[in-house]
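> Here it is, the structure, as structure tokens.
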């Protein structure tokens, strides 16, 4: 597995971070709004966003005094490739087993 896929899996290992990504799928969102939506304090959300940004899953842009975070879907490609590879291997093994 690639280092990028490892980083994505590690980041997605936390339920709050997965909820943040689900929320960001609706568009760029400020930290305060994420905190309110997820009933978590801003400092906690900021820590989660830092992990997600480190894994390349989110980007942020400062607009005035607000930091807007957005989903970076390209970071999910290594994860998708890993899952497809695992699925293909499992299907191949299954096909070999039933053909014997």
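The values are calculated or read from the model by the stated rules, or taken from the named source; none is laboratory data. Since this is a predicted model, take the numbers as computed values, not measurements. Here the Cβ is made from the backbone with ideal geometry for all residues, glycine too, and neighbour counts use every protein chain on show.
> If we scan segment 31-46, do we find a residue that is surrounded by fewer than 12 Cβ atoms within 10 Å (Cβ to Cβ), out of contact with any helix residue (DSSP H, G or I) (no Cβ under 6 Å at 6 or more places or on another chain) and under 25 Å from residue 79 (Cα atoms)?
Among the residues of segment 31-46, not one is surrounded by fewer than 12 Cβ atoms within 10 Å (Cβ to Cβ), out of contact with any helix residue (DSSP H, G or I) (no Cβ under 6 Å at 6 or more places or on another chain) and under 25 Å from residue 79 (Cα atoms), which makes the answer no.
> Would you say residue 85 is in contact (Cβ under 8 Å) with a residue 12 or more places away in the chain, assigned to a helix (DSSP H, G or I) and either surrounded by 14 or more Cβ atoms within 10 Å (Cβ to Cβ) or more than 16 Å from the chain's Cα centre (by Cα) (or both)?
No; evaluated as a whole, the condition is false for this residue.
> While we're on this one: State which residue is modelled with the lowest pLDDT when the search covers only segment 1-30 and only residues that are part of a loop (DSSP other than H, G, I, E, B) and more than 12 Å from residue 75 (Cβ to Cβ).
1
> Let me spell it out: the conditions are (1) in a helix (DSSP H, G or I); (2) modelled with pLDDT under 90, and residue 51 meets all of them except one. Which number is the exception?
Condition not satisfied by residue 51: (2).
> A further question on this structure: Criterion first (part of a helix (DSSP H, G or I), surrounded by 14 or more Cβ atoms within 10 Å (Cβ to Cβ) and either at pLDDT below 85 or over 15 Å from the mean Cα position of the chain (by Cα) (or both)) does residue 68 satisfy it?
Considered against the rule, which asks whether it is part of a helix (DSSP H, G or I), surrounded by 14 or more Cβ atoms within 10 Å (Cβ to Cβ) and either at pLDDT below 85 or over 15 Å from the mean Cα position of the chain (by Cα) (or both), residue 68 comes out as no.
Okay, residues lined up against (1) closer than 20 Å to residue 13 by Cα; (2) touching a strand residue (DSSP E or B) at 6+ places or on another chain (Cβ under 9 Å):
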{"site": "25", "(1), (2)": "yes, yes"}
{"site": "31", "(1), (2)": "no, yes"}
{"site": "36", "(1), (2)": "no, no"}
{"site": "43", "(1), (2)": "yes, no"}
{"site": "61", "(1), (2)": "no, yes"}
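> Would you please list the contacts, defined by Cβ atoms under 8 Å and residues six or more apart or on different chains, that run from a residue in segment 67-81 that is in contact (Cβ under 8 Å) with a residue 60 or more places away in the chain and on the phi < 0 side of the Ramachandran plot to a residue that is surrounded by fewer than 14 Cβ atoms within 10 Å (Cβ to Cβ) and not in a helix (DSSP H, G or I)?
Between residues of segment 67-81 that are in contact (Cβ under 8 Å) with a residue 60 or more places away in the chain and on the phi < 0 side of the Ramachandran plot and residues that are surrounded by fewer than 14 Cβ atoms within 10 Å (Cβ to Cβ) and not in a helix (DSSP H, G or I), the close pairs are 78/2.
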